[in-house]
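The structure appears below as structure tokens.
The values are calculated or read from the model by the stated rules, or taken from the named source; none is laboratory data. Being a predicted model, the structure only gives us computed values, none of them experimental. Here the Cβ positions follow ideal geometry from the backbone for every residue, glycine too, while neighbour counts run over all protein chains shown.
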């Protein structure tokens, strides 16, 4: 699915794929995403006081959050 996910369609437990990353991230996270950019939504968080970030548990067990336009439903 090439369309960006939104909080209306993504729920906790949804399978997603990280499609891009806007901010700088650690080398460890870069390697994890190169190996497998898929994961499961484990929660949400407020970002910049008005947006919603999506917390994703990656297939390697690492957890990170992403902006809504950085993920797509898998």
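Select from region 20-34 the residues that are under 12 Å from the mean Cα position of the chain (by Cα) and not in a helix (DSSP H, G or I) and list them in ascending order. Can you show your working first?
Step one: of region 20-34, the residues under 12 Å from the mean Cα position of the chain (by Cα) are 20-22, 29, 33.
20, 21, 22, listed by residue number.
If you take the residues in region 32-52 that are exposed (fewer than 12 other Cβ atoms within 10 Å of the Cβ) and at pLDDT below 95, which one is nearest to residue 13 (Cα to Cα)? Ranking the qualifying residues of region 32-52, first place goes to 45. Restricting attention to region 12-31, and to residues there that are out of contact with any strand residue (DSSP E or B) (no Cβ under 7 Å at 6 or more places or on another chain) and loosely packed, with under 12 Cβ neighbours inside 10 Å, which single residue is modelled with the lowest pLDDT? Among those that are out of contact with any strand residue (DSSP E or B) (no Cβ under 7 Å at 6 or more places or on another chain) and loosely packed, with under 12 Cβ neighbours inside 10 Å, it is 23. Just give me the residues in region 53-74 being over 16 Å from residue 15 (Cβ atoms) and in a strand (DSSP E or B), in sequence order. Once the filter is applied, which keeps residues that are over 16 Å from residue 15 (Cβ atoms) and in a strand (DSSP E or B), region 53-74 yields 53, 65, 67.
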